[in-house]
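Everything on this sheet refers to the single structure shown next.
The values are calculated or read from the model by the stated rules, or taken from the named source; none is laboratory data. A quick note: this is a predicted structure, and the numbers were derived from the prediction, not measured. Methodologically, a virtual Cβ is constructed for each residue, glycine included, from the backbone with ideal geometry; neighbour enumeration extends over all protein chains shown. SASA here: full protein model, heavy atoms, side chains in, ligands and nucleic acids out. Shrake-Rupley method; radii C 1.70, N 1.55, O 1.52, S 1.80 Å.
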Amino acid sequence: MSNFWTQGLNPEQVKAVEHNFGPLLILAGAGSGKTTVLVSRTGRMISEKIAKADEICVLTFTNKAAKELKHRVSAKVGAQVKKGLWAGTFHSFGLQILRRFHRQAGLSSHFGIVDQSDCSSILKELLKDIKNSSKENFDTDKLLNMINDRRTGMAMKTVAFDEYHEMAEVLTPKFNKRLEILGVVDFEGLLIKPLELFREHPESLEKVQSAFSQVMVDEFQDTNRLQMELIHQLVKTHNNITVVGDDDQSIYGWRGAEVKNILNFPKEFKNCEVIKLERNYRSSTEILAVANAAIAQNKNRHGKILRTEVAAETGVLPELFVLEREEDECDFVVSEAQYFLRQGYSYKDFAVLYRSNTQGALIESSLRRANIPYTITGGTSIFDRKEVKDVMAYLKQAVSPNDVSLRRIINVPARGIGDTSIEKLSEFSKEHRISFVDSCHRWREAGLPEKTGEAIEHLISFCHTLPSRILDFKVGSSPGAHFVEILQDLGYRQYIYNNTADPSVAEKKWTVVDIVGRVLDSYLGKRSYEIASIKSFIDAMMLRDDVNDEDAAQNKIQLMTLHASKGLEFPVVILAGLEEDLLPHKTLGGDIDEERRLFYVGLTRAKQRLVMSRCQQRKRHGVVRPVSPSRFLLEITKKLYKEYPSGARPVSGQEREDLVSSFLKSLEKKSPSNVKEN
């Protein structure tokens, strides 16, 4: 074969790229070039006609990863591949299946998608109908998680049922029924319903199976039970399944990921070929030595040892600084930022990683006091903002009318439809066993005043005409800009100002609405100005998981949790708070192996310099208490890193002279001029 797709690859990567048929497990260590392998293998199969572009399905965990793969393959094979190759998240795949087979799945052709906050609202409504004296005290997020565990078959068996278990058992069938009545699907349902469809309609499964002759899965260590079942269904007729992952980076057990999927893969799929990518193209030899020593303590894993391919030994060992208290640790982060700036690094080269968000808040305040620019990665997405949810609810109600979105906007902005009227409509819908949307159409029968009914009719009419109005923009404008104008005319901008005390904050909130308009323009500009495109825009936004890319190019220090750091890399990394009860975490870290993998992920983010810190005392529940070093540190031989018990790096002779010189110059600037004597 031509070496076009294997040029520059190492022997293990070449072997993976040249694989054609049957099950393949690619164990890709941190920084081992797994994306390059996926791209090269996909492109080679298309160019050598092993499979057509539209016969290949690549399942990823982020839209960003899917876009990058399609872009890189099409850049080498041709732009037409971009349309044919299917690459996307598991949830996107589930949505595509349900859109195609909506009738068999018991859904309307314009079914909507609801997010976590929508599901919480549904749950609160259901709780009102439960006769339980303590129902007001339930944490709906906790209850929703327990209900989803039951729906997905991941609920843990328990002998002693508390009130949460009992309530979850009662509400699970009611919650499923309510979603069905509303004609909507939640994120869990995007995986559950396709599997139900395949079981109840084998002919639908056969069509999907015949469509894809090759299936690939990225970040396989993050798959859960439902995703694994979906994979089995897709490939059971041909077993042409290639999975890429690293069991040592399986850190999402708390949200359902099962490391056993990657550990047991060679047993589940007969004649499975296993290829290990152990050459690391990211970190120095010294950093990898610490990472290898840490992860070796986990016994239940595919054995592999990372070795560097970037350079010989740098001679710079990772460093551990021991600080007195957490305030000292925050000041230490500031001084390290200044130190590495003097070493020629930029702020953007620098990341501070921690186990708990509370640590990040303290470090953030120190950076702010020192006027050091920073950004927090993995924070609240713009699409979780109330204003965006309101705006998206209008769009959803326009193209996929449902109770959830209508309830959200029925009196936003205020149009004289109060709680009493909404309660009457709710009671009417229950009494007549119809949807809330239908009860709004029958407002007279529900006993609403004429003025209120007219307001409802105006809202329904507004939503009905909204898509066509958005597309009826004037020359020099755009659909997104026109949509923002329509919202302003509706009174939504004034609504924001009326409900926000500070006008400057209100303006920022309105700017968020403007951003939605710009995102809509960007989306439609790549497709077509049609109502169908607006509908697909809504789907894309509901599944959106990469919205904070704009900070990547800015020269700022990045603060993030260890979980948020996965998949990223930085020249300089500080791992803060390496103490027992923080890492492993006292309340969140029940699985010690997974906590150790989290530590390993943090270590392998560093390319050139790795700095670790721990405190001797830390405040817990308002009381300063002594703390112990993390067991993960104690497991690593001290010869692999340099420890500074005093919390400071010794200053070299030249650095000392430079500091003294700088200090003297600053004194000269502050002192008054000498006056000559007469």
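Placing a label point 7 Å from the Cα of residue 386 along the Cα-to-Cβ line, the residues of segment 500-525 whose backbone N sits under 19 Å from it are 500-516. Placing a pseudo-label 7 Å from each Cα along the Cα-to-Cβ vector at residue 296 and residue 239 gives an inter-label distance of 3.6 nm.
What is the pair-distance distribution P(r) of the chain, computed from all Cα-Cα distances in 10 Å bins starting at 0, with each bin given as a whole percent? Taking every Cα pair in the chain, the percentages come to 3, 12, 20, 23, 21, 13, 5, 2, 1, 0, 0.
Can you list the lysines whose alpha carbon is less than 17 Å from that of residue 270, not counting same-chain residues fewer than 8 positions off? List returned: 236, 260. Ligands, DNA and RNA excluded, the heavy atoms of residue 441 present near 110 Å² of accessible surface to a 1.4 Å solvent probe.
Full extension of the segment from residue 128 to residue 494, taken as 0.36 nm per residue of separation minus the current Cα-Cα distance, would add 128.5 nm. In the context of the full set of protein chains, the chain has a per residue accessible area of 48 Å² (1.4 Å probe). Rounded to the nearest 500, the 222 nm mean residue ellipticity of the chain from helices alone is -15000 deg cm²/dmol, with -39,500 (n - 2.57) taken per DSSP H run of at least 4 residues.
For segment 205-227, the residues whose backbone nitrogen is under 18 Å from a point 7 Å from the Cα of residue 68, taken along Cα to Cβ, are 216-223.
For a straight C-alpha distance cut-off of 20 angstrom, the aspartates and glutamates reachable from residue 451 (same-chain residues fewer than eight places away being disregarded) are 419, 423, 427, 438. By the Stokes-Einstein formula, at 0.890 mPa s and 25 °C, segment 37-118 with its Kirkwood radius over alpha-carbon pairs has D equal to 174 µm²/s.
Most simply put, the chain has about 10% antiparallel DSSP beta bridges, counting only bridges with both residues inside it.
Between the helical axis of 386-399 and the longest alpha-carbon principal axis of the chain there is an angle of about 40 degrees.
Bridging of residue 509 to lysines at a Cα separation below 16 Å is possible for 386, 389, once same-chain residues fewer than 8 apart are set aside. Between segment 554-597 and segment 62-128, the alpha-carbon centres lie 30 Å apart. Taking only protein heavy atoms and a 1.4 Å probe, the accessible area of the chain is 50% carbon and sulfur.
Using 0.36 nm per residue and subtracting the Cα-Cα separation, the extra length available between residue 432 and residue 454 on full extension is 5.7 nm.
Other residues with beta-carbon under 9 Å from the beta-carbon of residue 510 carry, at +1 per Lys or Arg and -1 per Asp or Glu, a net charge of 0.
Computed from the C-beta positions of residue 177 and residue 464 and an R0 of 25 Å, the FRET efficiency is 0.35 to the nearest 0.05. Label-to-label distance for residue 639 and residue 621 is 4.3 nm, based on points extended 7 Å past Cα in the beta-carbon direction. A Förster radius of 35 Å, combined with the Cβ-Cβ distance separating residue 536 from residue 162, puts the computed FRET efficiency at roughly 0.20. In plain terms, the chain from residue 555 to residue 263 could stretch by 101.1 nm, reckoned as 0.36 nm per residue minus the Cα-Cα distance. Cross-link pairs exceeding 32 Å between alpha carbons, from the set 526/607; 70/177; 174/267; 83/348; 67/207: 526/607; 70/177; 174/267; 83/348.
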